[in-house]
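**Q** Structure incoming, see below.
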Amino acid sequence: MMVGQVHHIELNVSDLEKSTEFWEWFLGELGYEPYQEWAKGKSYRLGETYIVFVQTEERFLDAPYHRSRTGLNHLAFHGKSRKHVDDVTAKLEERGVPVLYRDRHPYAGGEGYYAVFFEDPDRIKVELVAPVKGE
């Protein structure tokens, strides 16, 4: 364990089945493995960090998520290489997941910043970033 390292992230989702299908594939690409599962949730773990997905209670489903509101803007993950980002981009497209900022892809984060940006089923923005040369 490293002090300051993220222990876990918990996300409420509007459709647990749809979200876990999406995230299980993507997190599997990064080496995460299924960790915990219960009637209203599921988690995936990589090392000491895990990500939890919990079904939002019906009474809170009326206000959908939007990354421009107060709260989480996006989640960014380290990729292995530029090729890894390209491979995941191709798989996203095969799965019908729209790539954000297509007109600037894969440099939407700026010159020399190689990444793919996309959204999960609740429109939470996700980013996979290739290491900067020299890292």
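**Q** Restricting to segment 1-47, and then to whatever is of a type in the set (Phe, Trp, Tyr) and in contact (Cβ under 8 Å) with a residue 60 or more places away in the chain, can you tell me which residue is farthest from residue 74 (Cα to Cα)?
**A** So, considering only residues that are of a type in the set (Phe, Trp, Tyr) and in contact (Cβ under 8 Å) with a residue 60 or more places away in the chain, the one farthest from residue 74 (Cα to Cα) is 25.
**Q** For the structure I just gave you, tell me whether residue 71 is out of contact with any Phe, Trp or Tyr (no Cβ under 9 Å at 6 or more places or on another chain) and not charged (D, E, K, R).
**A** The answer is no for residue 71.
**Q** Among 50, 114, which is the only one that is modelled with pLDDT of 95 or more and over 22 Å from residue 130 (Cβ atoms)? It would help to see each step written out before you state the result.
**A** On the way: 114 fails: over 22 Å from residue 130 (Cβ atoms).
The match here is 50.
**Q** One residue is enough: does segment 73-95 have a residue meeting the conditions out of contact with any helix residue (DSSP H, G or I) (no Cβ under 8 Å at 6 or more places or on another chain) and over 21 Å from residue 130 (Cβ atoms)?
**A** There is no residue in segment 73-95 that is out of contact with any helix residue (DSSP H, G or I) (no Cβ under 8 Å at 6 or more places or on another chain) and over 21 Å from residue 130 (Cβ atoms).
**Q** Hey, residue 35 hits all of (1) closer than 24 Å to residue 3 by Cα; (2) loosely packed, with under 10 Cβ neighbours inside 10 Å but one; which does it fall short on?
**A** (2)
**Q** Give the residues of segment 7-25 that are assigned to a strand (DSSP E or B) and either loosely packed, with under 14 Cβ neighbours inside 10 Å or not β-branched (Val, Ile, Thr) (or both), sorted by residue number.
**A** Within segment 7-25, 8, 9, 10, 11, 12 qualify.
**Q** For segment 40-52: of the residues being surrounded by fewer than 16 Cβ atoms within 10 Å (Cβ to Cβ) and touching a Leu at 6+ places or on another chain (Cβ under 9 Å), which is nearest to residue 17 (Cα to Cα)?
**A** 40
**Q** Just to be sure I understand, how many residues within segment 80-135 are free of Cβ contacts under 8 Å to residues at least 24 places away in the same chain, small (Gly, Ala, Ser) and either in contact with a His (Cβ under 7 Å, 6 or more places away or on another chain) or surrounded by 14 or more Cβ atoms within 10 Å (Cβ to Cβ) (or both)?
**A** Counting residues in segment 80-135 that are free of Cβ contacts under 8 Å to residues at least 24 places away in the same chain, small (Gly, Ala, Ser) and either in contact with a His (Cβ under 7 Å, 6 or more places away or on another chain) or surrounded by 14 or more Cβ atoms within 10 Å (Cβ to Cβ) (or both) gives 2.
**Q** Of all residues in segment 53-79, which are outside any strand (DSSP E or B), of a type in the set (A, V, I, L, M) and either at pLDDT 95 or above or loosely packed, with under 11 Cβ neighbours inside 10 Å (or both)?
**A** Filtering segment 53-79 down to residues outside any strand (DSSP E or B) leaves 56-73, 79.
Filter once more, keeping what is of a type in the set (A, V, I, L, M): 61, 63, 72.
Residue satisfying the conditions is 63 alone.
**Q** Now, a different point. Determine whether segment 27-44 contains at least one residue that is in a helix (DSSP H, G or I), out of contact with any strand residue (DSSP E or B) (no Cβ under 6 Å at 6 or more places or on another chain) and more than 17 Å from residue 122 (Cα to Cα). Spell out the reasoning first.
**A** We begin by selecting, within segment 27-44, every residue in a helix (DSSP H, G or I); these are 27-29.
Narrowing further to those that are out of contact with any strand residue (DSSP E or B) (no Cβ under 6 Å at 6 or more places or on another chain): 28-29.
From the residues that got through so far, the ones that are more than 17 Å from residue 122 (Cα to Cα) too are 28-29.
There is at least one residue in segment 27-44 that is in a helix (DSSP H, G or I), out of contact with any strand residue (DSSP E or B) (no Cβ under 6 Å at 6 or more places or on another chain) and more than 17 Å from residue 122 (Cα to Cα).
The values are calculated or read from the model by the stated rules, or taken from the named source; none is laboratory data. For clarity, every value in this text was computed on a predicted model and none was experimentally measured. Ideal geometry is used to build each Cβ from the backbone, glycine not excepted, and the neighbour counts take in all protein chains shown.
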